[in-house]
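So the structure is just underneath, and the comments pick up after that.
The values are calculated or read from the model by the stated rules, or taken from the named source; none is laboratory data. Keep in mind that what you see is a predicted model, and the values were worked out from it rather than measured. Neighbour counts run over all protein chains shown; Cβ positions are idealised from the backbone, glycine included.
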Amino acid sequence: MEREGTFVIGQEVLGKGSFSVVKSAVNTYTHERVAAKIIDLYKNKDIYSQEVSALCRLNHYHIVKYLHSQVNEDGKGVIFLEQITYPSLQTYLQQNRTLPLQKALHLFAQIVDALDHMHKNHVAHSDLKPENIAYEHQKQFIKIFDFGLSQTLEPRSLSNSFVGSPLYMAPEVLLRENYNPYAADVWSLAMVLIETVTGRTPFSSFMGIDELLDFVSFETCVPLPDSLPADLRELLRRMLDFNPLTRLTISSVRDFMQKFL
């Protein structure tokens with residue numbers, strides 16, 4: 001065990017990502033089990049700084065709870081978070097393919113609420129996908145995590161950061177234009193909902209990034225399954241507007257859901 005002030009970091013590895021290792025830890029005052037996300041600052045200092053900056057702004061029951069962060073003498077940055085004990089939505093979909101529509105909309109409403117909280121606090125997640133959404137199946141409860149690629153910008157500010165996962169990226173991000181990351185989050189959220197109810201994103205069958213780029217360069221709308229209710233197709237169509245200036249904001253998504261869904 002490695003003592004880090006209030007926390008003791010254990011040897012158990014809870015997960016690994018492209019930029020970090022997550023180990024189990026214990027709060028020595030409360031005896032609560034927590035997670036320690038360890039990032040090599042020599043390689044990923046910006047990711048550590050951005051995740052801490054984003055999480056410090058947020059306090060929401062559908063977002064992983066930030067506890068503490070510190071920089072160690074060995075060049076590692078450690079972010080202490082609540083320990084999420086349930087798997088990702090991606091894991092559930094790999095095992096079960098889809099969720100029934102009403103359950104999917106229940107989870108969607110939770111994500112919308114969390115994303116609205118982020119955007120009101122000037123945080124764009126920038127990598128929203130089922131892999132970064134923890135899903136407690138029995139209680140029908142989600143938590144969004146992994147803010148390493150998040151961006152903290154004023155609402156009308158533009159970004160040129162090429163971040164995210166291609167299947168969930170908005171066209172303006174894929175085309176490497178200056179873009180509004182909050183509008184890009186709304187596009188990603190629509191892709192998550194489609195995958196949750198159909199088992200795949202509209203771009204899952206594409207053969208690589210070139211085919212995806214061809215589509216977003218020459219097409220003007222994303223095909224939506226006819227099996228979805230008309231009101232939901234309308235919501236998704238407006239969230240997947242190729243023009244980010246007329247795409248729904250997350251607050252407008254909430255309003256639409258309350259009115260029609």
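Every residue in the range 221-261 that is of a type in the set (Lys, Arg), more than 14 Å from residue 105 (Cβ to Cβ) and touching a residue at least 24 places away in the same chain (Cβ under 8 Å), please.
Listed by number, the list holds a single entry, 247.
Give the number of residues within the range 164-209 that are buried (at least 17 other Cβ atoms within 10 Å of the Cβ), part of a helix (DSSP H, G or I) and not aliphatic (A, V, I, L, M).
Result for the range 164-209: 11.
Of the residues that sit in the range 57-114 and are surrounded by fewer than 16 Cβ atoms within 10 Å (Cβ to Cβ) and of a type in the set (Val, Ile, Thr), which one is farthest from the chain's Cα centre (by Cα)?
Filtering the range 57-114 for residues that are surrounded by fewer than 16 Cβ atoms within 10 Å (Cβ to Cβ) and of a type in the set (Val, Ile, Thr), the one farthest from the chain's Cα centre (by Cα) comes out as 71.
Sort through 245, 228 and tell me the only one that's surrounded by 11 or more Cβ atoms within 10 Å (Cβ to Cβ) and assigned by TED's automatic domain parsing to the domain that holds residue 110.
Values: 245 fails: surrounded by 11 or more Cβ atoms within 10 Å (Cβ to Cβ).
Going through 245, 228 in turn, the sole match is 228.
Identify, from the list 85, 6, 91, the residue that is hydroxyl-bearing (Ser, Thr, Tyr), out of contact with any helix residue (DSSP H, G or I) (no Cβ under 6 Å at 6 or more places or on another chain) and within 30 Å of residue 235 (Cβ to Cβ). If you could, list the steps in order and put the result at the bottom.
Values: 85 fails: within 30 Å of residue 235 (Cβ to Cβ); 6 fails: within 30 Å of residue 235 (Cβ to Cβ).
Step by step, each of 85, 6, 91 is checked, and only 91 is hydroxyl-bearing (Ser, Thr, Tyr), out of contact with any helix residue (DSSP H, G or I) (no Cβ under 6 Å at 6 or more places or on another chain) and within 30 Å of residue 235 (Cβ to Cβ).
Please find, within the range 135-153, the residue that is farthest from the chain's Cα centre (by Cα) out of those that are aliphatic (A, V, I, L, M) and surrounded by 20 or more Cβ atoms within 10 Å (Cβ to Cβ). Explain how you work it out, then say what you get.
First pass over the range 135-153, keeping only residues aliphatic (A, V, I, L, M): 142, 144, 149, 153.
With surrounded by 20 or more Cβ atoms within 10 Å (Cβ to Cβ) added as a condition, the list becomes 142, 144, 149.
On the way: 142: 11, 144: 6, 149: 9 Å.
Across the range 135-153, the extreme among qualifying residues is 142.
Counting only residues that are in contact with a Phe, Trp or Tyr (Cβ under 7 Å, 6 or more places away or on another chain) and of a type in the set (Val, Ile, Thr), how many does the range 80-109 have?
1
Can you spot a residue in the range 154-161 that is among the aliphatic types (A, V, I, L, M) and surrounded by 17 or more Cβ atoms within 10 Å (Cβ to Cβ)? Explain how you work it out, then say what you get.
If we filter the range 154-161 for residues that are among the aliphatic types (A, V, I, L, M), which is where we start, we get 158.
Now drop any that are not surrounded by 17 or more Cβ atoms within 10 Å (Cβ to Cβ), which leaves none.
No, the range 154-161 contains no residue that is among the aliphatic types (A, V, I, L, M) and surrounded by 17 or more Cβ atoms within 10 Å (Cβ to Cβ).
Restricting to the range 14-56, name every residue that is in contact with a Gly (Cβ under 8 Å, 6 or more places away or on another chain) and surrounded by fewer than 14 Cβ atoms within 10 Å (Cβ to Cβ).
Residue satisfying the conditions is 42 alone.
Tell me, which strands (runs of 3 or more DSSP E) wholly within the range 53-163 include 1 or more residues that are within 28 Å of residue 258 (Cα to Cα), assigned by TED's automatic domain parsing to the domain that holds residue 187 and touching a residue at least 60 places away in the same chain (Cβ under 8 Å)? Even if it seems obvious, please write down each step before you answer.
Details: elements: 66-71, 76-82, 133-136, 141-144.
Result: 133-136, 141-144.
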